[in-house]
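Visitor: Sharing a structure below in structure tokens format, with a few things to ask.
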Amino acid sequence: MHFVKIPNAEDQAAYEKLREEAFIEAKEDYAKAIVKYERDLAVAKKTSGMKLPKKPVEPTESNFQFTQFSQMANFTIGPFNRFYSKGGGTYLHAVTPGTYRIFGQVDPLIGAGVCYCMGSVTFTAEAGKIVDLGTLTTDLANSGPAEKGDSSSPRLAAMTLALDPVDANTPVDPRLASLPRIPADFRAAGKVPNYMGIAISRLPAIKGVLGYQRDRIIDRKAVTEFAPQAPGDSIQPAADAPAAQN
């Protein structure tokens, strides 16, 4: 599972500083490139049959490309560093305190996997505490074979894992049982860009946390919708929607 950090005010300030420094450097590189371009252009115009050089594009605020914050602050759990125990496995990972989004089932080293771009959850990792995310299980609603003739989406995108939050039945590895743990306070998260260019899916609905009305994401803790309404739309309150739609 791949996680990306949600920037706080301090993170955002540091990120904007990095971007500004990179933008200034890009402008400096452009100034050098335009001088070379004009020199090469003058030579090309005087030389019969010589191809004219391509003019560099000046970097502006609207066209400047810079790495997203989520591509700088992230981590992946599994498949290594796993505790083996009866009935399953446990992963323990040290992270910088802050709020994180479950981005998807991704191997960032090869850029393959499934992005939960169309709906997921966030949680906060507090300093000095073990935040228990619960149990990952097979998503039974999407585990079966595709219907005959159904080619609407890659089967890979349907093979998402279901997340069961902590409850009385959540197994605890004996080596961690004596340590203080707190259950993750999951919150529904909106849609994000698929910047890895991988299969698109969404985290299955979680009772009392995350739900869907077709492509609308429902925050069942706040009873709000993330999808903006078009003018004239009439939408039923989120609380009236079925709680177990996947």
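The values are calculated or read from the model by the stated rules, or taken from the named source; none is laboratory data. Since we're looking at a predicted model, the values are computed, not measured. In this analysis, Cβ positions are derived from the backbone assuming ideal geometry, glycine residues included, and neighbour counts consider all displayed protein chains. Protein only, heavy atoms only, side chains kept; ligands, DNA and RNA dropped before computing areas. Shrake-Rupley method; radii C 1.70, N 1.55, O 1.52, S 1.80 Å.
Visitor: Just report the Cα centroid separation between segment 190-205 and segment 16-59, whole Å.
Guide: So the two Cα centres are separated by 37 Å.
Visitor: Checking the cross-link filter: which aspartates and glutamates have an alpha carbon closer than 14 Å to that of K46, excluding same-chain neighbours under 8 positions apart?
Guide: Counting by Cα, and skipping residues close in sequence, K46 has these aspartates and glutamates nearby: E38.
Visitor: Same structure, new question: I need the trypsin sites (Lys or Arg not before Pro) found in segment 160-205, filtered to DSSP loop residues with at most 14 other beta carbons within 10 Å of theirs.
Guide: Of the trypsin sites (Lys or Arg not before Pro), the ones in loops of segment 160-205 whose Cβ has at most 14 other Cβ atoms within 10 Å are R175.
Visitor: Would you mind telling me the share, in percent, of accessible area of segment 31-84 contributed by carbon and sulfur at probe 1.4 angstrom?
Guide: That share works out to 56 percent.
Visitor: Subtracting the Cα-Cα distance from 0.36 nm times the residue separation, let me have the gained length for Y37 to D167 in nm, one decimal.
Guide: Full extension of this stretch gives 40.3 nm more.
Visitor: So, one more: Each residue of segment 164-180 in turn: what ³J(HN,Hα) in whole Hz from Karplus with 6.51, -1.76, 1.60 and θ = phi - 60°, glycine and Pro shown as x?
Guide: For segment 164-180, the Karplus curve yields 9, x, 4, 9, 5, 9, 5, x, 10, 4, x, 6, 10, 4, 7, 8, x Hz.
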